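The values are calculated or read from the model by the stated rules, or taken from the named source; none is laboratory data. All values reported here derive from a predicted model rather than from experimental measurement. FYI the Cβ positions are ideal-geometry reconstructions off the backbone, even for glycines, and counts take in every protein chain you see. When the accessible area is computed, the model is the full protein with side chains, heavy atoms only, and any ligands, DNA or RNA have been set aside. Shrake-Rupley method; radii C 1.70, N 1.55, O 1.52, S 1.80 Å.
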Amino acid sequence: MTRQPHHRRRPITVLSLLLLVMAVTLGPTPSSAAGTDWWNPVARPAPDSQIGVTGEPFKGTNSQGEVRGFVDAHNHIMANEGFGGRLICGKPFSEAGVAEALKDCPEHYPDGSLAIFDFITNGGDGKHDPDGWPTFKDWPAYDSLTHQQNYYAWVERAWRGGQRVLVNDLVTNGVICSVYPFKDRNCDEMTSIRLQAKLTYDMQDYIDKMYGGTGKGWFRIVTDSEQARTVIEQGKLAVILGVETSEPFGCKQILDIAQCDKDDIDAGLDELYDLGVRSMFLCHKFDNALCGVRFDEGGLGTAINVGQFLSTGTFWQTEKCTGPQHDNPIGGAAAPSAEEELPAGVEVPSYDDDAQCNKRGLTELGEYAVRGMMQRKMMLEVDHMSVKATGRVLDIFESESYPGVLSSHSWMDLNWTERVYGLGGFIAQYMHGSEGFSAEADRTKALREKYDVGYGYGTDMNGVGGWPAPRGANASNPVTYPFRSTDGGSVIDKQTTGSRTWDLNTDGASHYGLVPDWIEDIRKVGGQDVVDDLFRGAESYLDTWGASEGHKAGVNLAKGASASASSSESNPFTSYAPGRAVDGNTDTRWASDWSDDQWLRIDLGSTSTVKRVTLEWERAYAKSYRVEVSTDGTTWQSVWSTTAGDGGLDTARFNGVPARYVRIHGLDRGTDWGYSLYEVGVHSS
């Protein structure tokens, strides 16, 4: 009687032991604190990378109800699946474990002799030790541009160190894919984008399984700003999908002929939105049917210009800049390996030093895509756009009071900074070394204070850009391990994967797990104020996103209103009557006689509060003009004026005033013609 229960329990005990042995040998190992420490997984793959962070990640909001945390506005977790699948070697995760994930490309064995892109981007002969796990002798490294830097456990370390927003830009380039000799899939850009989106969701599922099931992991893909806030308040990482590619929706151009139409753009935007994409670039590296690009410099610029020719049949074309903004100088440095791809007799042109702006701006199809993104409440990345294209985008957004503009990794001319902040947009700086990053953060600090916004960084990991080099163990103020996270709740020690331990002081920013170390280095070099601005980044990014989602198109009080003018140009074939400027059709226009003092008057039909007037000029624009209002059509009040008009799309903002009549009063012409307006909008908001 007393021994019978003992015999009954024995088979269960043996079975439990067998299962435990199998789990240790074949699968994830249980966490020692899984029952109480929500931030530790129920089971982690074994073997695997160490994290090197202890303590509970912070949750909730601050006393003002704002979320806290850093934002990486530009990363490429899945870039290994772009460019034909063999340009970036290694994966961010693998069901087969870390040894399979962090493995070099097959052509890099045994000594890197065929690592063609490695020696193109990094110089030398490209030779390196191809072994990743467990030794990691030569990669990842701050100057190795062809090896995986976003292993999931390294991203986990960044989250544990205080990051709360990560933008995963799905990235590829069809031309680079086509000329690179090693690939294992076709070069269609949208096919790659779809795959990368799917794998990002798969990575979420992979992490969820470690934490016990769907929705339980720290890596959360979000599709609206409120969902992101909820995730961050739970102490987790909000992951947002973006797109950075050269020919979105197939919108390339060949010999200046667009290879897409408006239907392609609508279908493409709808598909991306359904995939969860909420921000994107319309052009990247090569001019396309939507916009011109901001050039790359030096030998890299020459190589990309070759790619531009191979993609479009034309090289970049430059012109003198008309304002303080300018594109990067192309430079004349040779790129022999790239230039060998050109047809016989074709050479990269030379460019005048005083002509640094791309002739190509935002095309008609590009403007259609911009407005399509606005309709879908998506955010637009202006980095990589030519200054001509960026200026037009900002004009459009200002005319609509649309805040959804992003500059995520220092590819926007800095003279646009205040206009972006004025709209309610968000800016992040490239992951430069701590000295350079801190200096640039200090330069723009006054504007952040003026607009009460936080700051961000764009690591561009897996983006072939290069990352902060080590400052050296002998620096006067090195990172001292261990150190506390910015919120004070976690302790961060050196990061170890396999048998390799990284130290930011001597290794630089070699992989994503060293982001917290880099932030500590910024604190050492630039001071706590810079880090505090970065710690407000998540809130400011979500402010921009939320305002974009909540944007409503303002009612145009002028549309269809009665209009009159001081004069109208006479033409036997086309009418340039005043009503053409308020008919809601940008293909028609009002045009005045060819003299300075001319006006267009709009009768709104009743008195309303007027706060904003938009003007879409034809080539015949006003250099000096006033916006005037009246309640009776007799007594006029000037509410806005300029003496530096340059045409295009203008937005006049002023304190709300009651008005039934609005008059555009031209004083000084910008051309030898008269004044000509495609459309005038009058708004109460």
Worksheet item: Of all residues in the stretch 298-333, how many are of a type in the set (Gly, Ala, Ser), closer than 18 Å to ALA389 by Cβ and surrounded by fewer than 19 Cβ atoms within 10 Å (Cβ to Cβ)?
Response: 1
Practice prompt. Evaluate the stretch 275-289: report whether one residue or more is surrounded by 15 or more Cβ atoms within 10 Å (Cβ to Cβ) and free of Cβ contacts under 8 Å to residues at least 24 places away in the same chain.
Written response: no
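Does at least one position in the stretch 257-274 carry a residue that is of a type in the set (A, V, I, L, M), within 30 Å of GLU340 (Cα to Cα) and either at pLDDT below 95 or not in a helix (DSSP H, G or I) (or both)? First the steps, then the outcome.
From the stretch 257-274, those of a type in the set (A, V, I, L, M) are 257-258, 265, 267, 269, 272; that's our starting set.
Next, only the ones that are within 30 Å of GLU340 (Cα to Cα) stay: 257-258.
Right, trim to either at pLDDT below 95 or not in a helix (DSSP H, G or I) (or both) and you get 257-258.
The answer is yes; a qualifying residue exists.
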Worksheet item: Is it the case that the stretch 622-636 has a residue that's open to solvent by less than 50 Å² (accessible area, probe 1.4 Å), in contact with a Phe, Trp or Tyr (Cβ under 7 Å, 6 or more places away or on another chain) and not in a strand (DSSP E or B)?
Response: yes
Discussion item. Exactly one condition in (1) open to solvent by less than 40 Å² (accessible area, probe 1.4 Å); (2) on the phi > 0 side of the Ramachandran plot is false for ASP256; which is it?
Written reply: (1)
Item to complete: Read through the list (1) of a type in the set (S, T, N, Q); (2) open to solvent by 60 Å² or more (accessible area, probe 1.4 Å); (3) modelled with pLDDT under 95; (4) under 25 Å from the mean Cα position of the chain (by Cα), then give the number of the only condition that ASN186 fails.
Response: (4)
Practice prompt. Please indicate, with yes or no, whether at least one residue in the stretch 606-614 is open to solvent by less than 10 Å² (accessible area, probe 1.4 Å), more than 27 Å from GLY323 (Cβ to Cβ), within 39 Å of the chain's Cα centre (by Cα) and touching a residue at least 24 places away in the same chain (Cβ under 8 Å).
Written response: yes
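Take GLN196 and decide whether it is open to solvent by less than 10 Å² (accessible area, probe 1.4 Å) and either within 30 Å of VAL491 (Cβ to Cβ) or within 23 Å of the chain's Cα centre (by Cα) (or both).
Numbers: open to solvent by less than 10 Å² (accessible area, probe 1.4 Å): yes; either within 30 Å of VAL491 (Cβ to Cβ) or within 23 Å of the chain's Cα centre (by Cα) (or both): yes.
In short, yes.
Counting residues that are touching a Leu at 6+ places or on another chain (Cβ under 9 Å), which helices (runs of 4 or more DSSP H) fully inside the stretch 407-468 reach at least 1?
Values: elements: 417-423, 434-443, 445-451.
Of the helices (runs of 4 or more DSSP H) lying wholly inside the stretch 407-468, those with at least 1 residues that are touching a Leu at 6+ places or on another chain (Cβ under 9 Å) span 417-423, 434-443.
On the basis of being part of a loop (DSSP other than H, G, I, E, B) and in contact (Cβ under 8 Å) with a residue 24 or more places away in the chain, does ASP596 make the cut? First the steps, then the outcome.
Numbers: part of a loop (DSSP other than H, G, I, E, B): yes; in contact (Cβ under 8 Å) with a residue 24 or more places away in the chain: yes.
For ASP596, the condition - part of a loop (DSSP other than H, G, I, E, B) and in contact (Cβ under 8 Å) with a residue 24 or more places away in the chain - is met.
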Worksheet entry | Residue selected from the stretch 116-175 under the condition assigned to a helix (DSSP H, G or I) and polar (S, T, N, Q), by the criterion most open to solvent (accessible area, probe 1.4 Å) | ASN122
Worksheet item: Looking at (1) open to solvent by less than 20 Å² (accessible area, probe 1.4 Å); (2) outside any strand (DSSP E or B), which is the only condition ASN571 fails?
Response: (1)
Fill in: Criterion: on the phi > 0 side of the Ramachandran plot and modelled with pLDDT under 95 - qualifying residue of GLY345, GLY332
GLY345
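Return the total of residues in the stretch 363-388 being charged (D, E, K, R) and over 21 Å from ASN415 (Cα atoms). Before the answer, list the steps.
Narrowing the stretch 363-388 to residues charged (D, E, K, R): 364, 367, 371, 376-377, 381, 383, 388.
Filter once more, so that each one left must be over 21 Å from ASN415 (Cα atoms): 364, 367, 371, 376-377.
Of the residues in the stretch 363-388, 5 are charged (D, E, K, R) and over 21 Å from ASN415 (Cα atoms).
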Worksheet, complete the sentence: ASP532 vs (1) open to solvent by 10 Å² or more (accessible area, probe 1.4 Å); (2) in contact with a helix residue (DSSP H, G or I) (Cβ under 8 Å, 6 or more places away or on another chain): all pass except (2)
